[in-house]
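Remarks on the structure that follows.
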Amino acid sequence: MGANFITGTGTDIGKTWLACALLRQWRGEGRRPAAIKPVLSGFDSQRPQASDAGALLAALGRDVSPAELDAIAPWRFAPPLSPDMAAALEGRRIDFDELVEFSRQAVAAPDRPLLIEGVGGVMSPLNERNTVRDWIAASGLPCVLVAGSYLGSLSHTLTALEALQKVGAGVTAIAINESPDSIVALDATLESLSSHAGGISLVAITRRSPQSGIARLAALLA
Ligand SMILES: Nc1ncnc2c1ncn2[C@@H]1O[C@H](COP(=O)(O)OP(=O)(O)OP(=O)(O)O)[C@@H](O)[C@H]1O
Ligand SMILES: [Mg+2]
């Protein structure tokens, strides 16, 4: 089974939602997936179940306990900001090598599908030197780029793709997670990206019936 990095064109694009849907899909197929969300900002220790790590643990059927949170999301910060800023406000700093090593250890159990949710978008800073893109490149894992169908998403998506390709990161698929209330049709977004995204698999996730896209993506990644 493969390990995949889940990144996105930016924050709030649906990385966690999609990761949870994939985990549930795999569990429904009798697989035993794993997931980590090593870096988490905006963490409210009074409501851990509302965090990305809490959502992933629930989708995995695991408790949202301090030990489980430490196991999948050790770098947790309260400020709802980019990781470099959130860490600095807490007088901390994300050590890039430690982060890469933590991810590597999660990949060491290869008999199950693993998702590593990044943080923010492809170029979100982790500290004063490194971005999420560096983390993806250092992990050597293929990634899923989660994008939207809002007006402006085409440029955001192609820019993120270019940034990933520049460092040799493999992009297994672009998941176009339909943006609510967009004036741009999902099909039109799909058609334009199929011309510009160089043969990369495109998976549309519609709001009305997301299941077929999720099942297709789950099969692509497994
Ligand atoms: N396809 C979808 N259907 C319904 N709700 C969705 C869908 N995609 C995303 N959402 C909702 O949109 C919000 C943002 O999604 P999500 O938290 O998955 O984004 P994210 O990319 O993980 O954000 P972050 O950068 O904070 O990690 C959440 O409330 C989520 O439940
Ligand atoms: Mg998330």
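Cα gyration tensor of region 3-84, axes a ≥ b ≥ c as square roots of the eigenvalues: rounded (a/c below 1.5), prolate (a/b > b/c) or oblate?
The shape class here is oblate.
If each DSSP helix of 4+ residues adds -39,500 (n - 2.57) and the sum is divided by the residues in the chain, what number results at 222 nm, nearest 500 deg cm²/dmol?
Value at 222 nm, helices only: -12500 deg cm²/dmol.
Between GLU191 and ARG112, what length comes free when the chain is fully extended (0.36 nm per residue of separation minus the Cα-Cα distance, one decimal in nm)?
Using 0.36 nm per residue and subtracting the Cα-Cα distance, I get 25.1 nm.
Short version: ³J(HN,Hα) in whole Hz for each residue of region 42-54, in order, from phi by Karplus 6.51 cos²θ - 1.76 cosθ + 1.60 (θ = phi - 60°), x for Gly and Pro, what are they?
Couplings: x, 7, 9, 5, 7, 9, x, 5, 7, 7, 4, 5, x Hz.
Using the alpha-carbon centroid of each, what span in Å lies between region 164-211 and region 39-77?
28 Å
Could the peptides 169-175, 99-105 be put in order, highest first, of the mean number of other beta-carbon atoms found within 10 Å of their residues?
169-175, 99-105
Specify the angular offset, from 0 to 90 degrees and rounded to the nearest 10, of the alpha carbon long axis of helix 211-221 from the longest principal axis of the alpha carbons in the chain.
That helix lies at roughly 70 degrees to the long axis.
What shape does region 122-182 have by the C-alpha gyration tensor, where a ≥ b ≥ c are the square roots of the eigenvalues, rounded means a/c under 1.5, and otherwise prolate means a/b greater than b/c and oblate the rest?
prolate
Treating the beta-carbon of each Lys and Arg as +1 and of each Asp and Glu as -1, no other charges, what is the dipole magnitude of region 3-221 about its Cα centre, to the nearest 20 debye?
Charge dipole, region 3-221, about its Cα centre: 480 debye, nearest 20.
So in region 3-221, what percent of DSSP beta bridges are antiparallel if you round to the nearest 5?
5 percent
What does the extension gain come out to for ASP12 and ARG93, with contour length at 0.36 nm per residue minus their alpha carbon separation?
Result: 26.8 nm gained on full extension.
Note the angle between two axes, namely the Cα long axis of helix 96-107 and the longest principal axis of the Cα atoms of the chain, as a number of degrees from 0 to 90, rounded to the nearest 10.
That works out to roughly 70 degrees.
Is region 72-169 rounded, prolate or oblate when judged by the Cα gyration tensor, a ≥ b ≥ c being the square roots of its eigenvalues, rounded requiring a/c under 1.5 and prolate requiring a/b larger than b/c?
It is oblate, given that a/c is not under 1.5 and a/b is not larger than b/c.
Only the coordinates and a few stated rules stand behind these numbers; no lab work does. Bear in mind the structure is a predicted one, so any value in this text is a computation, not a measurement. No Cβ is skipped: glycine too gets one built from the backbone with ideal geometry, and neighbour counts run over all protein chains shown.
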